[in-house]
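The values are calculated or read from the model by the stated rules, or taken from the named source; none is laboratory data. Quantities reported herein were computed from a predicted structural model and do not represent experimental measurements. Counting neighbours? That spans all protein chains shown, and the Cβs are built from the backbone with ideal geometry, glycine included. Surface areas here come from the heavy atoms of the whole protein model, side chains and all, with no ligands, DNA or RNA. Shrake-Rupley method; radii C 1.70, N 1.55, O 1.52, S 1.80 Å.
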Amino acid sequence: MNVAPLGLVAAPLAGGVPAQRAQVSSGQLLTACRLAWENDGRLVALWASDERDLHRGFCLRVVLEDSDGLTLLEHTLRDDRSRYPDLTPIFPAANRMQRATYDLLGIAAESDDQRPWLWTQGHATHAFPLRRDFAPVAEMSDEQDEYAFVRVDGEGVHEIPVGPVHAGIIEPGHFRFQVVGEKVLRLEERLGYAHKGIEKRFESMMIDDGARLIGRVSGDSTVAYAWAFAGAVEAAASFVPPARARWIRALCLERERLANHLGDIGAIGNDAGFAFGLAQFSRLREDVLRRNQAAFGHRLMMDTVVPGGLSRELAFEHVHAMHDEADRLARQIVRLRGIYDEHAGVQDRFRNCGRAAPKLARSLGLMGLAGRASGQARDIRCDFPSAPYDLLDVRIATQTAGDVWARVAVRFDEALESARLIGIITTALLDPATMGPVHASGPDLPADRISLGYVEGWRGPVLVALEIGEGNVIRRCHPQDPSWCNWPVVEHAVIGNIVPDFPLINKSFNLSYSGQDL
Amino acid sequence: MYETLRQILRVGIRSEPPPTPAGDDVVVRRLHDDILRTLGRALALRHVDAGSCNACELESQALSNPYYNVEGLGIRYVASPRHADVLMVTGPVTKNMAGALRRTYEAMPEPRLVIAVGACASGCGVYGPDYATVGAVSEIVPVDVAIPGCPPSPVALLQGILAAVSASAAKPR
């Protein structure tokens, strides 16, 4: 984004994705957001840091993405009485980020919606954990807070509360439906149940411990988070990891995408009453996980990607095995896709169910996999390819229907594309030109530096913003999951659908609770 | 339909025999067989995520895949705690989930077993007690078996379930 017309001076930020940072006043913040929106840009992240110990008050940070790359806007607030402009008129997804920022730091936007976001139990409302002078308060009450859900009135309207404990093996969250008959008039989500103070934990952690923690922000995306974190560390040190490590990182990321897509396609089929799909795809997913265990010593590949490269070598026998497996999987996926496509019952449940039209998706900022199923043709691997994706020519998968069917179709296309990429990557890994070490120690990290890591995980873009203090210690780390932007869209996608279709719609988005609750 | 049936025939049966509980010896194995024959053929599990990173959920879901086929052993996940024999809890128990976890436990009929699933639930994961979490599941409800691992593999989960049921069956009534 060209910020010069706003009278701003932007400094480039090192890293795999083109990025810049600029200091803005509150007026410039709004203008920059509006300019980004008009140029097809989107909001990626919003968070804040307590910098009073550096005599800088509080710093609000906003990351925008457009076709030129990332722009980090920094807005300083003198103290906690200063407010910053409400960004929700431009980017509705900012609502929950702004509320969470208040819960953690006690700095507020000039917004009408000041409801808490992260606290569902009686929490001391004047203790802000991300302040540097925060002292944990003794006991919280067990009483559920009264949360001001928006209610619908009228004849025959009733309310269905669901959660936080659900009837299946899924994460905790609360859904409040306003329905008439079976039809959903309104859904409101209440998340925060998985809030475990991740950002506070990062403070004062050594880089290596941080690398372990980041892989457990959202377990299904452990490779994406680990890579984004490693990318941020390496960008801060202006350090490029060995070429072989980058190839294997891409291999891990595509295997993570493949395993999740396989699991989801099966589970979505099951939610449409097609148990055959779950049996078939969960078997294929298990095959991938068992190969991961053999090759990387972990079924989900946790702690494999680390700053500097990889934590372990990959033996040639596994490279060969993964190459053959990719071929075999692709054939199975094509065959099973034919069965899904031909199944009238499944297609009847998938089509026109949980629709997020492209216009809605654009205005709400739907991103990642779900965004691509609603015509938002964005994929970091294609838009800002960093090594080795610059050599892979990833084919983006898009649909415009925006329904459950489209989200399944994008998953099928991406699973096949990942299988193709794994074939190419494994071939490259056997080439003498890519031989070499998989890890190198970088130089010491310069203090007082902010850097970004940005990776297209299976669900969507994962951002890690890292501030490093003295002696390779993390001062502040903010991970941002695509679920922040996508959860509010689920509320819109279910309107007019019947209650029994909610599990199907929810699964077709398959958003992270832990990744957004932090 | 023809293609569906053909695929089922082509893949065949992939289920594997269940693992033995940890501490494998002859007595334990005999007990294990007994349990599978009697109690184990109708064991109802209830899962509660008390704030995990969702890796433990992925592995718990994997128990239902054709390889582990827990339904074939008579072990199934049920939708209500009132129908459950065993409570499986993941995560470091966030303060936001502590009340819901306690109420779920209280809703279960006796005798009830609790299994802490994974390092966090057992109190040795990356998430210890802090301003937002309580720590181990045993801080909130009594735990019969804790399964280590980050996350535990499906085999470890199955071993833990069998160990909990064995211990309970061996207890004098």
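The selection criterion, being open to solvent by 20 Å² or more (accessible area, probe 1.4 Å), in contact (Cβ under 8 Å) with a residue 60 or more places away in the chain and more than 14 Å from every other protein chain (Cβ to nearest Cβ), does not hold for B:Ala164. Scanning the range B:62-87 for residues that are open to solvent by 30 Å² or more (accessible area, probe 1.4 Å) and either part of a helix (DSSP H, G or I) or away from chain A (no Cβ under 11 Å) (or both) yields B:Glu71, B:Gly72, B:Arg76, B:Arg82, B:His83, B:Asp85.
May I ask you to verify whether A:Arg312 is in contact (Cβ under 8 Å) with a residue 24 or more places away in the chain, open to solvent by 30 Å² or more (accessible area, probe 1.4 Å) and either closer than 19 Å to A:Pro437 by Cβ or not in a helix (DSSP H, G or I) (or both)? Judged against the criteria, A:Arg312 is a match.
Matching residues to (1) open to solvent by less than 10 Å² (accessible area, probe 1.4 Å); (2) assigned to a loop (DSSP other than H, G, I, E, B):
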{"position": "A:Gly442", "(1), (2)": "no, yes"}
{"position": "A:Pro446", "(1), (2)": "no, yes"}
{"position": "A:Gly453", "(1), (2)": "yes, no"}
{"position": "A:Leu463", "(1), (2)": "yes, no"}
{"position": "A:Arg475", "(1), (2)": "no, no"}
{"position": "A:Pro488", "(1), (2)": "no, no"}
{"position": "A:Ile505", "(1), (2)": "yes, no"}
{"position": "A:Ser508", "(1), (2)": "yes, no"}
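Residues that are part of a helix (DSSP H, G or I) and aromatic (Phe, Trp, Tyr) were ranked within the range A:372-430; the one that is modelled with the lowest pLDDT is A:Tyr389. Residues that are of a type in the set (Ser, Thr, Tyr) and at pLDDT 95 or above were ranked within the range A:445-500; the one that is farthest from the chain's Cα centre (by Cα) is A:Tyr454.
Restricting B:Pro129, B:Pro152 to those that are in a loop (DSSP other than H, G, I, E, B) and buried (at least 18 other Cβ atoms within 10 Å of the Cβ) reduces the list to B:Pro152. Restricted to the range A:340-356, and to residues there that are within 14 Å of another protein chain (Cβ to nearest Cβ) and in contact with a Gly (Cβ under 8 Å, 6 or more places away or on another chain), the residue that is nearest to A:Leu251 (Cα to Cα) is A:Tyr340. In the range A:232-253 there is no residue matching the filter, namely being closer than 30 Å to A:Pro500 by Cβ, open to solvent by less than 20 Å² (accessible area, probe 1.4 Å), of a type in the set (A, V, I, L, M) and over 17 Å from the mean Cα position of the chain (by Cα). From the list A:Ala267, A:Ala232, the one residue that fits, being assigned to a helix (DSSP H, G or I), touching a residue at least 24 places away in the same chain (Cβ under 8 Å), small (Gly, Ala, Ser) and in contact with a Gly (Cβ under 6 Å, 6 or more places away or on another chain), is A:Ala232.
Limited to the range A:350-371, what total is found for residues that are open to solvent by less than 10 Å² (accessible area, probe 1.4 Å) and in a helix (DSSP H, G or I)? Final tally of qualifying residues: 6.
When residues in the range A:170-186 are screened for being surrounded by fewer than 18 Cβ atoms within 10 Å (Cβ to Cβ) and part of a loop (DSSP other than H, G, I, E, B), 2 of them pass.
Listed here are the residues, each with its yes/no results for (1) more than 17 Å from B:Asn65 (Cβ to Cβ); (2) crowded, with 23+ Cβ neighbours inside 10 Å; (3) in contact (Cβ under 8 Å) with a residue 12 or more places away in the chain; (4) more than 13 Å from chain B (Cβ to nearest Cβ).
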site	(1), (2), (3), (4)
A:Gly263	no, yes, yes, no
A:Phe274	no, no, yes, no
A:Gly277	no, yes, yes, no
A:Asp287	no, no, yes, no
A:Glu317	yes, no, no, yes
A:Ala321	yes, no, yes, yes
A:Arg331	yes, no, no, no
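Just for the range A:187-226: of the residues that are in a helix (DSSP H, G or I) and β-branched (Val, Ile, Thr), which one is surrounded by the fewest Cβ atoms within 10 Å (Cβ to Cβ)? Per the criteria, the residue is A:Ile207.
B:Ala121 falls short on exactly one of the conditions (1) touching a strand residue (DSSP E or B) at 6+ places or on another chain (Cβ under 7 Å); (2) open to solvent by 30 Å² or more (accessible area, probe 1.4 Å), and that condition is (2). Filtered by the rule that a residue be open to solvent by 10 Å² or more (accessible area, probe 1.4 Å) and at pLDDT 90 or above, the range B:40-61 gives B:Cys53, B:Cys56, B:Leu58, B:Gln61.
Against the numbered list (1) among the small types (Gly, Ala, Ser); (2) open to solvent by less than 10 Å² (accessible area, probe 1.4 Å); (3) over 14 Å from A:Gly365 (Cα atoms), A:Gly496 comes up short only at (2).
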